[in-house]
Every structure is written in structure tokens, then in C-alpha cells.
Amino acid sequence: MVGVRRPAASPPPQPADERVLVEAAQADPSKFDALYELHFDRIYFFIVSRIHDRTAAEDITSETFQKALANLASYEWRGTPFSAWLYRIASNAIIDHYKRSNREDQLDELENPLAQPELSSNDIEFIERHVHFFALVNQLPEVQRRVVCERFVEDRSIREIAQRLSKTEGAIKQLQFRALQTLRAQIGERDA
């Protein structure tokens, strides 16, 4: 099963609200989708920033949420965010991925995940900034969003994108320029 990227629905809930969502999902697993929607972007970005392979990151994200759902009944609320539990599951899934692929050199690249599975406040801020950025990208007009994703996520050239979208290279450059202008303005508004 592959994780599906969906736009963040709303800002993170307050701990009391999140506890209600967790308890609702524990009582009725079909309500887990609210927790999935709430945390998908953060967990996906956490994983993809460590794996650097989009397909593997999607698989591991899916695995993380499957494990969370399967073990939700044993989850105990202790006042910490539910996402901390998800990050731990994701960290373990990343380690399992590297063990399965038997690439010890890649495991060394993971800033010692066995010793420090917890996220620092800098890690959380970094993830939150990227989640916010992806939400802004999702608000762009469809063709601009597609150009930005193909150019900067999929690392395609202007020529490749022009061919894929049946547009001129100049049109792609203009779409990219407008998208980046819009994103800069929105980021500037947020930081002001």
C-alpha cells in the first residue's frame, strides 16, 4: 500500500482535542482517518527527509500508519502529542527498511537513530516549516503546482516539463516564476 499525500486539513489540535480524536479512533477504528489526515504531512516529510527515496518513503509512511492503526488499542494517552508515538513508529520503520535493504552504509547516514529516536525542537520546527510550505504549494493553481513539483521535487529540467505538459520552455519558465513569486509573498506574510 502506498501513502497518499493529502493537504493538511487544519492546524494541529490542542492536546485535549487530540486526546478526543485518539479515544474516538480507539473506540471506532474507522475514525482513525482524522488522525491520519492530521499527521500525514509531518510523518511523510520526516520519513522522506531521512530516506531520500520518494517511493520508499511513501511505503514506509503507509507502513507507519498501518502499524499505528493495528496497535492503537494499546496506545495510552500520557499527555504527550500523539505525533510523538507516530514519529517513534516511523523511526523504527526507517531502521527496519535499512536492515531489510542490508545497506549498513545507509544506516550510518541516519544521524544515529538508535541512540536518539526522539525529535528535537529544531527537528519539529524544520518539519513544521516544510509542512507549511507544502500546504502553500498545494494552494497554487494546478499548472503552477505541477511545474513546481516536477521541477523541485522530481528534479526535472525545464525542457522535460515543457514536453510533458505540451508547453513551450518559455511558458514553463513563466509558470515557475509566477509560482515562486506567489510562494515568496505568502512566506513573507507568514514571517512578518
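The values are calculated or read from the model by the stated rules, or taken from the named source; none is laboratory data. All values reported here derive from a predicted model rather than from experimental measurement. Positions of Cβ are generated from backbone atoms using ideal geometry, with glycine treated the same way; all protein chains shown enter the neighbour counts.
The figures follow:
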item: Pairs where the first residue, in the range 138-165, is under 19 Å from Q181 (Cα atoms) and the second is assigned to a loop (DSSP other than H, G, I, E, B), C-beta under 6 Å, 6+ apart; result: N138/P7; E150/R156
item: Test: residue in the range 141-162 that is modelled with pLDDT of 70 or more, among the hydroxyl-bearing types (S, T, Y) and not assigned by TED's automatic domain parsing to the domain that holds Q176; result: no
item: Unique residue being at pLDDT below 90, within 27 Å of D155 (Cα to Cα) and out of contact with any Lys or Arg (no Cβ under 8 Å at 6 or more places or on another chain) when the list is I47, I94; result: I47
item: Single residue of the range 50-85 satisfying the filter (more than 21 Å from V137 (Cα to Cα) and not in a helix (DSSP H, G or I)) that is modelled with the lowest pLDDT; result: G79
